[in-house]
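Have a look at the structure below before the remarks.
Just so it is clear, none of the values below were taken in a lab; they were calculated from the coordinates. Just so we're clear, the structure is a prediction, and the values are computed from it rather than from any experiment. With ideal geometry, Cβ positions are generated from the backbone for all residues, glycine too; neighbour counts draw on all protein chains shown.
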């Protein structure tokens with residue numbers, strides 16, 4: 001009976017999730033193939049009557065559709081001046097933006113006072129603009145109906161006492177760790193405990209991403225399980241009955257949720273924990289599968305839009321892999337292997353396979369090296385998390401033991417470095433892998449009933465098919481950028497480089513200043529040939545990587561402005577070795593160039609009006625792919641921007657000139673009304689990007705990305721609606 005109930009709950013949970021995703025699919029047609037496969041899997045797997053199953057699915061569909069309708073009804077459709085008071089609903093993100101709950105909905109606000117925190121009451125003034133079309137799904141899932149660059153923002157009341165207490169705990173933990181572990185080891189422990197990674201160098205974060213271990217640095221349900229589970233184990237050794245233990249565990253769970261800012265994965269784990277605690281209190285047999293399904297159904301009923309969060313999907317799928325695939329793999333391990341090793345390896349492998357479809361869908365990438373590196377890294381990270389939490393508690397009472405974790409933390413750093421250097425650290429997998437893999441899973445399902453090890457054969461076949469067959473032709477070096485027509489704004493540090501891709505033409509505009517960085521980008525993006533290389537002017541941060549481009553890929557032609565013959569001294573040596581290699585085309589205002597289905601139009605500099613200054617004479621381009629265009633501003637100052645002609649509608653993105661220098665002409669950006677403003681910037685002594693330039697970009701575009709924060713940014717224009725991807729950072733959802 002209990003087994004049938006568990007099967008019923010799990011099947012109902014899957015049906016409900018399918019209904020929620022179907023509601024999103026009506027607005028995001030690209031997920032429809034996955035939804036259809038999920039429905040097929042659900043129909044052939046459940047013991048429930050199809051009519052009952054469809055009813056549960058319709059409940060999920062109806063709740064999600066109703067919530068989406070509420071969000072869309074509250075969304076602004078045109079710029080609206082607003083002076084309002086609200087409550088901050090999130091800590092600032094990497095760009096300094098926060099979600100603010102205002103009467104009637106939520107808005108995403110930039111320009112907030114420094115140090116503002118979740119829960120504070122604020123007074124805002126500014127213009128609320130519609131959310132960018134390119135990431136409408138991201139905003140919908142977070143119930144955000146508009147964006148604002150605040151012209152005035154004041155904190156009128158601090159966060160509530162509970163939030164301030166949680167901030168105090170975070171600060172205390174951070175201070176203890178930084179005092180006793182001042183290096184990268186301490187920064188890593190902060191990432192394991194509270195998800196704070198600002199102390200880790202970008203190069204180290206990249207190693208964790210490429211080795212498939214970046215999930216260790218995000219607060220997840222696993223942290224809650226480890227901390228609360230360890231607490232329960234200690235409580236069993238102390239006086240007190242079951243009621244005391246369960247009450248303390250419930251309070252500890254609530255405290256963990258508040259301290260970690262209620263991340264989606266933590267919410268999932270917390271609800272599941274409360275379901276388990278309630279079952280234990282009532283004396284009901286605890287079945288993890290039933291607790292898992294019940295938790296998801298409760299969360300879906302309360303907030304069906306949370307199912308669209310990437311973090312929530314990863315947490316849910318990882319848990320499913322642990323619960324349903326982990327035991328299968330554990331039973332397949334030979335008996336001579338110690339039980340604790342078999343258990344750890346099987347559960348880790350189950351979680352990795354569980355999240356594989358989500359990673360493929362959102363990031364078009366899987367890391368085979370990650371499957372190997374997670375086997376030792378996950379148990380090590382789990383032990384460090386428990387030990388770190390215990391050490392922080394002991395530090396509060398004057399017992400300083402966190403320094404003992406220095407060596408094992410170093411081992412975890414070494415594992416990330418080792419994994420990043422392994423072959424197949426990243427394999428790019430096309431989206432076609434998902435529906436086809438689902439069909440393969442259905443076809444191999446009969447194998448589950450036959451043969452001694454048939455129960456592990458079906459998931460193995462699916463995994464091999466997804467990675468080995470569909471992904472082998474798209475291997476990359478760790479990038480998560482999809483290979484699509486559109487614009488890729490490459491993270492080259494302090495400088496510019498934009499790859500414009502059509503279905504039959506590829507153009508690179510500028511190369512950044514570091515040849516090795518440029519070479520790595522071209523290899524990761526799978527480029528073997530460029531139809532054209534455009535050099536907008538002679539400064540080294542735009543042409544310094546040109547030599548490496550020629551050494552890495554074939555180049556059809558070089559495109560330059562007339563003034564490129566008088567470059568800055570730093571760029572002269574590079575240009576001397578480049579311009580003689582291939583045919584050179586000179587462009588000026590009014591010039592047009594077509595390369596396959598990529599079209600370039602120069603709108604500056606005008607013929608015969610050169611001033612001999614590289615920035616002022618730089619080439620400004622409108623790059624078009626299909627009906628979508630991007631305006632590439634190079635380093636031209638405001639005096640030039642005032643004289644640029646109006647651009648026709650359809651502008652997807654604009655680069656903010658001169659890496660976000662202060663000298664910008666706001667009306668030009670405003671009339672463009674782009675979906676996205678890109679600041680290509682790196683570490684520099686000039687104060688780039690300036691607050692004034694960021695304000696100009698935010699007022700014009702709503703969505704502003706910085707390559708020093710967001711990494712390489714890719715905009716795909718192969719559908720009706722442009723789609724944006726932050727490479728190296730998970731779009732959520």
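Packing, as the average of other Cβ atoms within 10 Å across residues, places the peptides 389-397, 492-500 in the order 492-500, 389-397, highest first. Quantify how much of the Cα-Cα distance distribution of region 486-726 extends past 28 Å, in percent. The calculated P(r) of region 486-726 puts 21 percent of pairs beyond 28 Å. Separation of region 97-126 from region 166-219 is 26 Å, based on Cα centroids. Please report, to two decimal places, log10 I(q)/I(0) for region 126-201 at q = 0.13, 0.21 Å⁻¹ as given by the Debye formula with identical point scatterers on the Cα atoms and no solvent. So the normalised log intensities work out to -0.72, -0.89.
With all pairs of different C-alpha atoms in the average, the Kirkwood value for the hydrodynamic radius of region 581-685 is 14.4 Å.
Applying 0.36 nm per residue to the separation of residue 281 and residue 336 and subtracting their alpha-carbon distance, the gain on full extension is 16.0 nm.
When 1/r is averaged over all different Cα pairs and the result inverted, which Kirkwood radius in Å belongs to region 80-159?
Radius from the Kirkwood sum: 12.3 Å.
Here 197, 77, 707 are placed in order of increasing Cβ neighbour count within 10 Å, fewest first, which gives 77, 197, 707. Rounded to 0.05, the FRET efficiency of the residue 172 and residue 237 pair, given R0 = 25 Å and the Cβ-Cβ distance, is 0.45.
Would you mind ranking 721, 703 by Cβ crowding within 10 Å, fewest neighbours first? The partial results should precede the final answer.
Details: 721 16, 703 25.
Listed from fewest to most nearby Cβ atoms, that is 721, 703.
Counting other Cβ atoms within 10 Å as a rough exposure proxy, the listed residues 601, 184 run 184, 601 from fewest neighbours to most. The alpha carbon radius of gyration of region 624-702, expressed as a multiple of 2.2 N^0.38 Å, is 1.03.
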